[in-house]
Amino acid sequence: MKTSLVTVSMVAISSAIPSLHAEYSAEASLGYQNLDSNFSGEDLYLAGFSIYTSPLDYLGKTPYDEAAFFNQVGQVDLQYGLATGFGDDINTYGLAYTHQNRNSDHGFSASWFTTDVLDNFNAYEAGYHYFLDQGFSVGAEVALADFDSGHAWSYALNSKRLFSFENDRWLTLEGGFGWANDGSEGDWSMNVLATYYPTQRTGLGIGTTTTDRLSDYNTVFSATHYLKPNFAVNVSYNRDFIKNASDADGISFGGKLRF
């Protein structure tokens, strides 16, 4: 019932729009995730709103989900998350900005988020990326998590590339290496995500993240489909393959609307 409400509400919004735009200025999203795969216990509700700094279009013959990346369109993101089932509800707020445009190979990003799970917890991130070619970027990020009992720094290198094949099919590969240190000890992490697009409207992804010196793998399987050029639904399944006792399995549903 919880998951169906998310999809139904997004369909209702989409059907209220009489005509589709060739260009889009913003995007709204809603999502729900159950964090224990049994549809009981911990639940996470997500809402997001993005404003594109220049009109987003699907010119250049790319998957709909990769149009902003391929055409180097910047955006401002507002995010809210509500986690329930942990005793007290946990609220999270986030703000992010990505600066990039088609006239420059240089891009910059910055973000901030805070949550009331801990007193005075704030996280900040700043990044730089460079487009080696259209649809191919490399970058670096530095982040600081600041909380009452101390702070933790993390650093990362990342890359993303969109490959185009015959018959309007695509493959996106992205990933990176990171290092985190809380002042007393540190550890590295690695993540990779591959998304195959058999059509412009549909994306099928598989990704994994490993931390703690390869002793834990968190894997995600995802599918996104655009019912209309401006309206998509998505589903994903997260699974811990090594430390099953960590109870990090979960299923998520959501939708997004561009206008």
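The values are calculated or read from the model by the stated rules, or taken from the named source; none is laboratory data. Please read these numbers as outputs of a predicted model, since none were measured by experiment. Counting neighbours? That spans all protein chains shown, and the Cβs are built from the backbone with ideal geometry, glycine included. For the accessible areas, the whole protein counts, side chains as well, though only heavy atoms, and no ligand, DNA or RNA atoms are used. Shrake-Rupley method; radii C 1.70, N 1.55, O 1.52, S 1.80 Å.
Assess whether Asn101 counts as being open to solvent by 40 Å² or more (accessible area, probe 1.4 Å) and under 30 Å from Phe165 (Cα atoms).
In short, yes.
Filter the stretch 117-144 down to the residues that are open to solvent by 40 Å² or more (accessible area, probe 1.4 Å) and part of a loop (DSSP other than H, G, I, E, B) and list them by number.
The answer is Val117, Leu118, Asp119, Asn120, Gln134.
For the stretch 145-163, which residues satisfy the criterion of being open to solvent by 50 Å² or more (accessible area, probe 1.4 Å) and either assigned to a strand (DSSP E or B) or out of contact with any Asp or Glu (no Cβ under 8 Å at 6 or more places or on another chain) (or both)? If you could, list the steps in order and put the result at the bottom.
Keep residues of the stretch 145-163 that are open to solvent by 50 Å² or more (accessible area, probe 1.4 Å), which gives 146-149, 151, 153, 155, 157-158, 161, 163.
Result: Asp146, Phe147, Ser149, His151, Trp153, Tyr155, Leu157, Asn158, Arg161, Phe163.
Determine which member of the set Gly175, Gly203 is of a type in the set (Gly, Ala, Ser), within 26 Å of Pro229 (Cβ to Cβ) and assigned to a strand (DSSP E or B).
Gly203
Please go through the stretch 68-86 and give me each residue that is in contact (Cβ under 8 Å) with a residue 24 or more places away in the chain and farther than 24 Å from Gln33 by Cα, ordered by number.
Phe69, Phe70, Asn71, Gln72, Val73, Gly74, Gln75
So that you can scan it fast, the table gives a plain yes or no per residue for (1) within 21 Å of Arg239 (Cα to Cα); (2) open to solvent by 40 Å² or more (accessible area, probe 1.4 Å):
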site	(1), (2)
Glu166	no, yes
Glu185	no, yes
Ser189	yes, no
Val192	yes, yes
Pro198	no, yes
Arg201	no, yes
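Just give me the residues in the stretch 78-95 being buried (at least 17 other Cβ atoms within 10 Å of the Cβ) and within 18 Å of Lys256 (Cα to Cα), in sequence order.
Taking the stretch 78-95 as the starting set, the residues that turn out to be buried (at least 17 other Cβ atoms within 10 Å of the Cβ) are 79, 81, 83, 90, 92.
Result: Gln79, Gly81.
Does Thr62 satisfy the criteria of being closer than 27 Å to Gly127 by Cα, in a strand (DSSP E or B), among the β-branched types (Val, Ile, Thr) and modelled with pLDDT of 85 or more?
When the stated conditions are applied, Thr62 does not pass them.
Got a sec? Which of Asp247, Asp182, Asp187 is of a type in the set (D, E, K, R), out of contact with any helix residue (DSSP H, G or I) (no Cβ under 6 Å at 6 or more places or on another chain), within 17 Å of Leu157 (Cα to Cα) and modelled with pLDDT under 90? Walk me through how you get there before you give the answer.
Working: Asp247 fails: within 17 Å of Leu157 (Cα to Cα); Asp182 fails: within 17 Å of Leu157 (Cα to Cα).
Exactly one of Asp247, Asp182, Asp187 is of a type in the set (D, E, K, R), out of contact with any helix residue (DSSP H, G or I) (no Cβ under 6 Å at 6 or more places or on another chain), within 17 Å of Leu157 (Cα to Cα) and modelled with pLDDT under 90, namely Asp187.
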